[in-house]
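Nothing in this text is a laboratory measurement; each read-out follows from the coordinates by a stated rule. Note that the structure is a prediction, hence the values are computed from the model and not measured. Quick reminder, even Gly has a Cβ in these numbers, built from the backbone with ideal geometry, and neighbours come from all protein chains shown.
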Amino acid sequence: MLLDVYTIMRICFADNSSTLDAARDLVRAHLELHLVEPETIQRVVDTLPSPYDPPTGALWVAFDDHHPLGCAAFQTIAPDTAELKRVFVRPEA
């Protein structure tokens, strides 16, 4: 059965206080699901958006309306190679 209601998702760079706060919440949720130690989670969250700063990286947040649903980041690890990191979608999404 096809749904006759479509959801439009918006994907944004985490480059301002609102999108960075959303990215931090999502990364925290991602790490908590993987049972990472609270001190490590706090350290990772506190340093965002590093190490995903442009021009060698990027951090994105996906929104449904104004609700952050997921995030992803990449960081360059060699001249022709980047690593996709922090890929997370809220389970309820």
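Can you give the Rg to Rh ratio for the chain, taking only C-alpha atoms and Rh from Kirkwood?
1.02
Once you have the Cα-Cα distance between residue 56 and residue 11, take 0.36 nm times their residue separation minus that, and quote the gain in nm to one decimal.
My answer for the length gained is 14.3 nm.
Give the peptides 56-63, 18-25 in descending order of average Cβ contacts within 10 Å, highest first.
Ranking the peptides 56-63, 18-25 by packing returns 56-63, 18-25.
By how many nm would the segment from residue 82 to residue 35 lengthen if fully extended, with 0.36 nm per residue of separation less the alpha-carbon distance?
Computed gain between residue 82 and residue 35 is 14.3 nm.
Which value, in debye to the nearest 20, describes the size of the charge dipole of the chain about its Cα centre when Lys and Arg Cβ atoms bear +1, Asp and Glu Cβ atoms bear -1, and nothing else is charged?
Rounded to the nearest 20 debye, it is 80 debye.
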